[in-house]
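Here is the structure we will look at, set down as structure tokens.
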Amino acid sequence: MNNSETKTDTNSAAPKYDFHKVELYWQKKWEEDGLFTAPDMPDSDKEKFYMLVMFAYPSGDIHMGHFRNYIIGDAVARRELMLGKQVMHPFGWDAFGLPAERAAIKRNLNPADWTESNIGVSRETLQKVGISFDWSREVVTCRKDYYRWSQWLFLKLFEKGLAYLKEALVNWCPDCLTVLANEQVVNGICERCDSKVQKKELRQWYFKITDYADRLVDDLDKLSGWPDNVKSMQREWIGRSYGAEATFQVEDEKWNIPVYTTRLDTIYGVTFLALAPESKLAERLNLSDAKRKEIDDYRQEALLKTEIDRGSETDEKTGIFSGLYAINPFSGERIPIWIADYVLAHYGTGAVMGVPHNDMRDKAFAQKYNLPIRQVLKTADGSEISDGEVVTIENGITVNSGRFSDLPSSEAIESMSAFAEKGGFGKKTKQFKLHDWLISRQRYWGTPIPIIHCDKCGLVPVAESALPVELPIITDYLPKGRSPLADVASFTNVKCPRCNSNAKRDADTMDTFVCSSWYHLRYADPENKDALFNTDKANAWLPVDKYIGGITHATGHLIFFRFITKFLSDLGLINFDEPAKELFNHGMVSDSEGKVMSKSRGNVVSPIELMKERGVDVTRLAMYFTAPSDKEVLWSDAALVGVEKFLLNKVCNLADLYDAQNTDLKYHFKKSELTSAEWDLYVGLNQRLKRRQDDYDNLQYNTVIASMMELSRDIERAKAVKPELRNYAVRCLIQTLAPLIPHTAEEIWASLGFTKSIFLSGWPIADPDALVSQTITMGVQINGKVRGEISIAPDAIAEVALSEAKACESVIRHLEGKTIIKEIYIPGRVLNIVAK
RNA sequence: GCGAGAAUGGCGGAAUUGGUAGACGCGCUAGAUUUAGGAUCUAGUGUUUCACGACGUGGGGGUUCAAGUCCCCCUUCUCGCACCA
């Protein structure tokens, strides 16, 4: 395999090389040489680099989006390898989940077989793309050797009190017939099947991620390598707010209604309390039978509404008066208690104090039901409070607030909360929007929850030594609103490990986000039979240096991934508590009209077909060249045209410009030993190498390619330069492109006479002494407008530049009849003559 | 509604971060070559003007010798959140 084969192909742009042969040859060679196989522990004398792309659900074929994601990561990994680092670039499969179960139902297949065969197909395709994955580290989450450790993780969380069972209103998808985590509900719609999500009261398993809420927010500041938009999305999602709780005693009764407020300074303006219809507080109200019936009907109605229905009535708030009163602990006033559906049961205490004066929602409600509005704030700057506006804490002064009147809001909040705490009717608190993570799923194809329910002993964890709790092979996957495992007697009926009486296994399986919350660690030690991973290996390879994936995971996976990493850090299993130093969100791929590619639309372009027709490297190059990696790509096959010409007509012919007889592998030249034309070529080369360094760091491969197109033109034109210089330029060009077109680059590299892989050849570094050309053309401006250009040394003194400029015809013309007021000369940049 | 980001030729996109706007590629035009088509090569290609020139980075203002880049206002689009008290 040396010289590219020249074929006569009447349909082709140029002599075409047999890309299939070349691709196969090098893919096999890389594998045989173990080029991408990371060692158990990184060499101590080398820098390590852990390149991770989000693993995938094995759906069989890969599409353009996958293709793009993986080739971006591949370019990073290959360049890091060329930089001399020890690279780990693993891949695996997020293999549990609904599609397998659906296929099982529809085509009467076993989900395990279906999944495994899909993995086979997908893996083979990725191998054809030439992605530098270390397949020896592959993890598959639906295999026993993996999910046994997901179960172990569950047991540890359970042991630490961070996994618990709770009866609560949960998101229920009527189509999937399972519960969903908040992260899986988008605007009240099931993320998977687009049905309207309902509320259902169920006993479910939760992970207590709220215990980590503060750290999850605070540590975002440590993540300097994460994009700001992801960090602010996480901050928003976690939604920490500081405020105070205050309790209102129910009149003539012995219990209190607690409310959470960020504006304790407005408590003298409370004219009603509002309870969420589904809150326990509303249930507790001691009502007359007639009132109870009325309120129950109302609650029922509110409960039946889906989130969307409730959300769509944003301005139409409804409520009902309970007939009861509570006492404002500050003013002693009687406050009517209402039930209102604009109050959320799952936030704060499920009850709010209604202050129509300074809260738009309370105001809308008060206006609708004719409740009084009492002013308790004025602005510090004396400005009018316009309609639809509230007084901020920064700009508020209390009024009509008893002994707390005439205070700036922030001071009022401080002294009022101190007063409340002393009096035992309130205190400063904080709240989060983030809720505990609901992980139970009523599905078959997932990790079984390793818990046994015993009537006598309660919840009994399965012993670690008894793991894994294996998923039984079954035949009936049809959803019945409960886990299919619940009907498998041989699975559920067990003896209690503690008291040996008859007990039941938990029949639910875990959310697949549990599987993906620790896979990054398993890659460091994928075959470990005694632990999730070996601590030394994990500490050596992790954290991940660059993590690439879609923005869609900003508030789901990426929060769970951080949470579990922190948990394992707290267990002492690892010595870091953030999983990834850098995060990169690649742009999506849609069709040429900007529509998402989907089977139902029939607009799916298969990278597999393109690779077959045009070769892997042409397809890769087209994708890289179309746009920077973080931008959306509207895919069109037209993108292939230019880069194909470049690859076949220019890059593939570079060997012809290379003098293999000249074995001088010199790479740094001195100005004194080069002719002026040679020096120009050399400087142009080095300037490009320097710029492309940054482009690679930013994953901007489009400009790398543009720049190498220019370089190839320059090399072609510089026929009369020293062979060792031209050879050097050719080598730099191929090395710079190698991460993008790995097969072609290897092939050419070998044809130049090198026997070692190009990926072990190092990375061309710019010569710092050759970054400035001897002459540049500089624009000459008159009053800021370009009127001519001069050819000048970049470091020429002002006098020289001026005299050159004044000799320039168009400059003379524009200066005619004007007096020069000022001359601004920035060497190497611009000359601007100000004249009047 | 709130928050973030974006807007540059016919198209995808460049622009050393305040210094010759439109690199590179596509497309288009003309020419060369070819029996022809395809392919290849050369030249041209922001708008306008016969030309000198004028105008030009969504719109309007400003700062500056100099603005795609910085500041203010507006429009449109994308994304995220959306009764979070």
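A short reminder: the numbers here are calculations on the coordinates, not readings from a lab. Keep in mind it's a predicted model, so treat the numbers as computed, not measured. Don't worry about glycine lacking a Cβ; one is built from the backbone with ideal geometry, like all the others, and counts go over all protein chains shown.
P(r) tail, region A:172-270: Cα-Cα pairs separated by more than 19 Å, 67% of all pairs.
Hey, with R₀ at 25 Å, roughly what FRET efficiency would residue A:415 and residue A:249 work out to, going by the Cβ-Cβ distance, to 0.05? Please list the in-between numbers first.
Values: r = 22 Å, r/R0 = 0.87.
Here the calculated transfer efficiency is 0.70.
Going from the fewest other Cβ atoms within 10 Å to the most, the residues A:754, A:365 appear in the order A:754, A:365. For residue A:53, nonlocal amide neighbours, meaning residues 5 or more places apart or on other chains whose placed amide H falls under 5 Å from its own, are A:548.
Round to the nearest 10 and give me the degree value, 0 to 90, for the angle of helix A:616-626's Cα axis relative to the longest principal axis of chain A. Roughly 70 degrees, rounded to the nearest 10. Protection proxy ranking, highest mean first, for peptides A:182-194, A:590-602: A:182-194, A:590-602, where packing is the per-residue count of other beta-carbon atoms within 10 Å, averaged.
The angle between the Cα long axis of helix A:98-107 and the main principal axis of chain A comes to about 90°, on a 0 to 90 degree scale. With unit charges on the beta carbon (Lys/Arg positive, Asp/Glu negative), name the residue among A:735, A:583, A:654 whose Cα is farthest towards the positive pole of the charge dipole of chain A. It is A:583, whose Cα lies furthest towards the positive end. Using the average count of surrounding beta-carbon atoms within 10 Å as a protection proxy, the listed peptides A:207-213, A:547-553 rank, highest first, as A:207-213, A:547-553. Coupling constants for region A:187-202 follow from the phi torsions by the Karplus curve (6.51 cos²θ - 1.76 cosθ + 1.60, θ = phi - 60°), and in residue order they are 6, x, 10, 5, 4, 7, 10, 6, 8, 6, 7, 9, 9, 8, 8, 9 Hz; glycine and proline get x.
In terms of overall dimensions, region A:650-770 has a Cα radius of gyration and Dmax of 13.4, 38 angstrom.
Ordering A:468, A:534, A:755 by the projection of their Cα atoms onto the charge dipole of chain A, which places +1 on the Cβ of Lys and Arg and -1 on the Cβ of Asp and Glu, puts A:468 at the extreme positive end.
Distances between placed amide hydrogens fall under 5 Å for residue A:248 paired with A:257, A:259, all partners being 5 or more residues away or on another chain.
Based on the mean of other Cβ atoms within 10 Å per residue, sort peptides A:451-461, A:129-139 so the most packed one is first. Walk me through the intermediate numbers first.
Values: A:451-461: 16.6, A:129-139: 20.2.
Highest to lowest by the protection proxy: A:129-139, A:451-461.
The Rg/Rh ratio for region A:207-256 is 1.28, where Rg is the radius of gyration of the alpha carbons and Rh is the Kirkwood radius.
Below 8 Å, C-alpha to C-alpha, sequence gap of six or more: please give me the relative contact order for chain A in percent.
Working: 1493 pairs, mean separation 116.7, N = 836.
Value for chain A: 14 percent.
With +1 assigned to the C-beta of every Lys and Arg and -1 to the C-beta of every Asp and Glu, and no other charges, what is the dipole magnitude of region A:241-431 about the Cα centre in debye, to the nearest 20?
Value, rounded to 20: 540 debye.
Kirkwood analysis of region A:49-128, using all unique Cα-Cα pairs, places the hydrodynamic radius at 13.9 Å. When only alpha carbons of region A:695-836 are considered, Rg and Dmax amount to 21.7, 69 Å.
Taking one quarter of the surface of the C-alpha convex hull of chain A gives a mean projected area of 48.2 nm². Based on the inverse mean of 1/r over its pairs of different Cα atoms, what is the Kirkwood hydrodynamic radius of region A:241-431, in Å? Computed over region A:241-431, the radius equals 17.0 Å. With q set to 0.15, 0.22, 0.24 Å⁻¹, the log10 of I(q)/I(0) for region A:710-769, from the Debye formula over equal scatterers at the Cα positions, is -0.46, -0.95, -1.08.
D for region A:322-442, whole µm²/s, Stokes-Einstein with Kirkwood Rh over alpha-carbon pairs at 4 °C and 1.567 mPa s: what number? All intermediate terms of the calculation are to be shown ahead of the outcome.
Values: Rh = 16.6 Å.
My calculation gives 78 µm²/s for D.
Each residue of region A:768-780 is assigned a 3J(HN,Hα), and the resulting list reads x, 8, 10, 9, 10, 7, 6, 10, 10, 8, 10, x, 10 Hz, derived from the Karplus form 6.51 cos²θ - 1.76 cosθ + 1.60 (θ = phi - 60°), x at Gly and Pro.
Note on region A:109-208: Rg/Rh from Cα positions, Kirkwood definition for Rh, rounded to two decimals, is 1.08. Convex hull of alpha carbon positions in region A:544-671: directionally averaged projected area 14.7 nm². For chain A, a simple Cβ point-charge model (Lys and Arg +1, Asp and Glu -1, everything else neutral) yields a dipole of about 540 debye relative to the Cα centre.
With all pairs of different alpha carbon atoms counted, what Kirkwood hydrodynamic radius in Å does region A:776-835 show? Each step should come with its number before you reach the end.
On the way: mean 1/r = 0.0902 Å⁻¹.
Final number for the Kirkwood radius of region A:776-835 is 11.1 Å.
For region A:333-439, give the magnitude of the charge dipole about the Cα centre (Cβ charges: +1 Lys/Arg, -1 Asp/Glu; no others), in debye to the nearest 20. Spell out each step's value before the answer.
Values: 12 positive and 14 negative charges, 86 e Å.
The calculation lands at about 420 debye.
Of the residues A:177, A:706, A:594, the one whose Cα sits farthest towards the positive end of the charge dipole of chain A is A:177 (charges of +1 on Lys and Arg Cβ, -1 on Asp and Glu Cβ, taken about the Cα centre). Considering helices alone, the calculated mean residue ellipticity of chain A at 222 nm is -10500 deg cm²/dmol, with DSSP H runs of length four and up weighted by -39500 (n - 2.57) and normalised per residue.
Computed from Cα positions, the angle between helix A:228-238 and the longest principal axis of chain A comes to roughly 10 degrees. Under a 5 Å amide H cut-off, with hydrogens placed 1.01 Å from N, residue A:326 pairs with A:251, A:335, A:337 among residues at least 5 apart or on other chains.
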